[in-house]
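To start, the structure under review is shown below, and the notes come after it.
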Amino acid sequence: MKNYILFIFSILLFINCSNNSSNSSVSENLKIEVSKKLRHVVLFKFKDAASKEEIQKVENAFLDLPNKIEQIKDFEWGLNNSPEGLNKDFTHCFLVTFNSEEDRSIYLPHPSHQDFVTLLGPVLDDVLVLDYWTE
């Protein structure tokens, strides 16, 4: 009888673990699909002649874009502080998040974005842009 109960308990435990494993896998897959975002990373290297005031205007203008372009779902930015010395004089990093490639396609030619690009042009030495889907 003791062996029989142990056998039944083992089968029930196995079935429960199998169900939890497959449910977990399904929910993780759903979470991944729902949480994927399109990230648009923009790095700026400013001209040596760019003044602090000009750079501040660029920062403020970029910070204002989420208020003007509804397709921007999230936005963050910061200044390089890496101790590695590998930034190649890029100082500013902006991370713009979209829900879709269509949203990004609306953002790029958007008049507010184009106004920003016009403001940026005279003080920009180099730019690096990288887009990716989150994993």
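Tabulated values for the structure
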| read-out | value |
| --- | --- |
| Residue tally, condition within 18 Å of K47 (Cα to Cα) and of a type in the set (A, V, I, L, M), over segment 66-85 | 1 |
| Some residue of segment 90-98 being farther than 18 Å from L43 by Cβ and hydroxyl-bearing (S, T, Y) | no |
| Residue in segment 78-87 that is modelled with pLDDT of 95 or more, assigned to a strand (DSSP E or B) and either in contact with a strand residue (DSSP E or B) (Cβ under 6 Å, 6 or more places away or on another chain) or of a type outside the set (D, E) (or both) present | yes |
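Listed here are the residues, each with its yes/no results for (1) modelled with pLDDT of 95 or more; (2) assigned to a loop (DSSP other than H, G, I, E, B); (3) surrounded by 11 or more Cβ atoms within 10 Å (Cβ to Cβ).
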| site | (1), (2), (3) |
| --- | --- |
| F44 | yes, no, yes |
| D48 | yes, yes, no |
| K57 | yes, no, yes |
| N60 | yes, no, no |
| Q71 | yes, yes, yes |
| I106 | yes, no, yes |
| L119 | yes, no, yes |
| D125 | yes, no, yes |
| L128 | yes, no, yes |
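The values are calculated or read from the model by the stated rules, or taken from the named source; none is laboratory data. Note that the structure is a prediction, hence the values are computed from the model and not measured. When we count neighbours, we look across all protein chains shown, and the Cβ atoms used for this are built from the backbone with ideal geometry, even at glycine.
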